[in-house]
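So the structure is just underneath, and the comments pick up after that.
Quick note: the coordinates plus some simple rules give every number you see, no bench work behind them. Everything numeric here is computed off the predicted structure, so don't read it as measured data. So basically every Cβ, Gly included, is an ideal-geometry build from the backbone, and we count neighbours across all protein chains shown.
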Protein chains: 2
Amino acid sequence: MGGTPLVSPSRLRDVLGVPNLWLKDETRTPTGSNKDRATALVLENAMRNEVHAVSCASTGNVAMSLAVGAAAAGVKATIFVPAEISEAKLRLILLAGATVLKVREGYEAAFELSREAARAFGWYDRNTGVNPLTLEAKKTVAFEIWEQLGRRVPDAVLGPVGDGPTLSAMMKGFRELKACGVSDRLPRVVAVQAEGCQPLKKAWDASDPVRSVQPETIAEGIAVGAPVSAALVLRDVRESGGSFVAVSDESMLEAIQTLAFTSGILAEPAGAAGLAGLQSALAAGLVERGEIVVAHVTGTGLKSPQYLRPEVSATEIGASLEEVERAVGLP
Amino acid sequence: MGGTPLVSPSRLRDVLGVPNLWLKDETRTPTGSNKDRATALVLENAMRNEVHAVSCASTGNVAMSLAVGAAAAGVKATIFVPAEISEAKLRLILLAGATVLKVREGYEAAFELSREAARAFGWYDRNTGVNPLTLEAKKTVAFEIWEQLGRRVPDAVLGPVGDGPTLSAMMKGFRELKACGVSDRLPRVVAVQAEGCQPLKKAWDASDPVRSVQPETIAEGIAVGAPVSAALVLRDVRESGGSFVAVSDESMLEAIQTLAFTSGILAEPAGAAGLAGLQSALAAGLVERGEIVVAHVTGTGLKSPQYLRPEVSATEIGASLEEVERAVGLP
């Protein structure tokens, strides 16, 4: 469930002054996030092995992806969520027929319980960072970028990092392209965390072990205080000669606006984090303006419309041309 | 902006007992509706002619499609909406940077004003049923279906009908396939209207001229009391040996549930109308169970989550395996 567009955003390039910027637009999958890549392969494997029940823990995109994918595949899905999940997301997951268990003790407990339940009841475990197929599926984004750029790897990629597998999987793909001999290097990866949840960036900056934090950010997709794939991400950033940046909630909201306004792409906060990070990376000299740069737009904003906050408002008018002229400021 | 999947919904086929049912899934375009087909061609033409301003009237999918498309193309969009437009949709349209004029007198007045303003100010008119390119763009869905079915036309197609161009354009495509000699017939078209807004079905049943009605349906996409393309639709249904059916709001909500639950497709009410109509058409003998049938799923439900109403709810549990067992009903 990949095959997403690599968008050449001409207006955004002009606005940012980055003439070789590309957007990998993962809002265009069946459920609007890159999680569908992993779900598809996991379900294919489940069916091949005649497993008829799958499960995972998630607050958002993975839950929705698995619920909808399982519905299409005819597989029973049991999904563990924290009790405070948003009503809108819950509705989408339930609509697809998944059994949803709200765990009172919160996300971390839901995650542990889902693993335990999968082992106890013989359910196939879809949890990202646990099921190795998720990496194998998500690495395909690197192959696509390479192909869409005319069989070359970019100079730098920017992507949001929460738990870690999305970015690690992409770097696994680029590493395999190099191992196959079709590219001679890895792109520098700029791993973007939220200011209110940056355990990996802090560990990187201080050369310390990763310490878990209490997430405080609107970017649900990367609000992970204790990243499962911390070691992999730190290695990927190091090996690629890359770096970490942290972005504020405000800058992600601005990046959502910029993406919509210049490129017609509707992203959620985590989905816009890569672009938000580009501004910081340019300012810090981590990315040069002339380089071939890919920002990974990982998920759609349609599922969380509360973060779509236009700066302008509509004008109410009566049905006359004069009122139109006045409203649109024609001379 | 087509190239949407023709889904082979195995579970839905079983549930309905229609083994050759297919779903043309137009929820997978950039803004989640078949309107993107028309917007893309209109904008391409606008750019080719160095027109830098476009406009339309719409309450929903067309507005969103044009706002987002114009943002991507760097063209100025002015969009006329009725004052009572939903806040969620308005937000999406504004986010893409369109100028939005809320017309106090309602949709019909907004439509007339948008045409008048386009003429007066030299804006390129995107209004469906007015701009002939919209039909040329939307007819491509027929070519895709023909190709995806292995170069044959289905026995029957079912699709929602409001203003009319979506269905007329599809039939124009099928007519051209016949004219080209690559098919020898038209598919029978079953045109689906909402019970609370069925001016075309009523005219068809009574062999009377079309009389405008006051729409009363949740299916915004087909809540059109005075269809612009009435004559074309009536001709298409007649020439194809087809028919009209009307479906209740309740049956569209059920079809949304069925689509999500069996096929993992999230539709809006109008988008699920084709499937809702299939049930009526089967009952009335308008479609045979063994026939090759395509239901046109025209738009995503993500933009109007208020109509996603799951029949089941989540179960709140504490973090223990025993509570999981009890909740999921394991022996």
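Observations, loosely collected:
- Relative contact order computed over chain B (Cα-Cα under 8 Å; 6+ residues apart), in percent: 19
- Full extension of the segment from A:Glu250 to A:Glu322, taken as 0.36 nm per residue of separation minus the current Cα-Cα distance, would add 22.1 nm.
- Label-zone membership for region B:109-134, site A:Val312, 7 angstrom Cα→C-beta point, backbone N under 16 Å: B:123-124
- With label points set 7 Å from Cα along Cα→Cβ, the inter-copy distances at A:Ala206 are 7.8 nm, sorted shortest first.
- For q = 0.22 Å⁻¹, Debye-computed log10 I/I(0) when each Cα of region B:35-131 counts as one equal scatterer: -1.07
- Taking every residue in B:255-264 and counting other chain Cβ atoms within 10 Å of its Cβ, the average works out to 5.
- Applying a DSSP loop filter and a limit of 16 other Cβ atoms within 10 Å to the GluC sites (Glu not before Pro) in region B:162-247 leaves B:Glu216.
- Taking 0.890 mPa s as the viscosity and 25 °C as the temperature, the Stokes-Einstein diffusion coefficient of chain B based on its alpha-carbon Kirkwood radius rounds to 120 µm²/s.
- Summed over qualifying helices (DSSP H, 4 residues or more, each -39500 (n - 2.57)) and divided by its residue number, chain B shows a 222 nm mean residue ellipticity of -13000 deg cm²/dmol.
- Peptides B:99-112, B:267-280 ordered by average Cβ neighbours within 10 Å, highest first: B:267-280, B:99-112
- Over all projection directions, the Cα-based convex hull of region A:241-304 averages an area of 4.5 nm².
- For the pair region B:241-275 / region B:284-331, the C-alpha centres are spaced 13 Å from each other.
- Sparsely packed trypsin sites (Lys or Arg not before Pro) within region B:250-331, loop by DSSP, other Cβ within 10 Å at most 13: B:Arg289
- Alpha-carbon Debye profile of the protein assembly as shown, log10 I(q)/I(0) at 0.06, 0.11 Å⁻¹: -0.33, -1.13
- Chain B residue nearest the rotation axis toward A, with distance: B:Leu302, 2 (Cβ to axis, whole Å).
- One decimal place: the segment A:Arg235-A:Glu291 gains 17.9 nm when fully extended, by the rule 0.36 nm per residue minus the C-alpha distance.
- A point 7 Å from Cα along Cα→Cβ stands in for A:Glu325, and the other copies hold the same point at 7.9 nm, listed in rising order.
- FRET efficiency for the B:Ser212 to A:Asp125 pair, using the beta carbon distance and R₀ = 60 Å, is estimated at 0.60.
- For region B:158-247, the spread of Cα positions along each principal axis, largest first, Å: 42, 25, 20
- Cβ-vector label at 7 Å, A:Glu105, separations to other copies in nm: 6.5
- Relative contact order (percent, whole number), region A:35-130, Cα cutoff 8 Å, 6+ residue spacing: 33
- Note on A:Glu147 and A:His52: the extension gain reaches 30.7 nm, defined as 0.36 nm multiplied by sequence separation minus the Cα-Cα distance.
- Residue-averaged beta-carbon neighbours from other chains (10 angstrom radius) around A:88-98: 6
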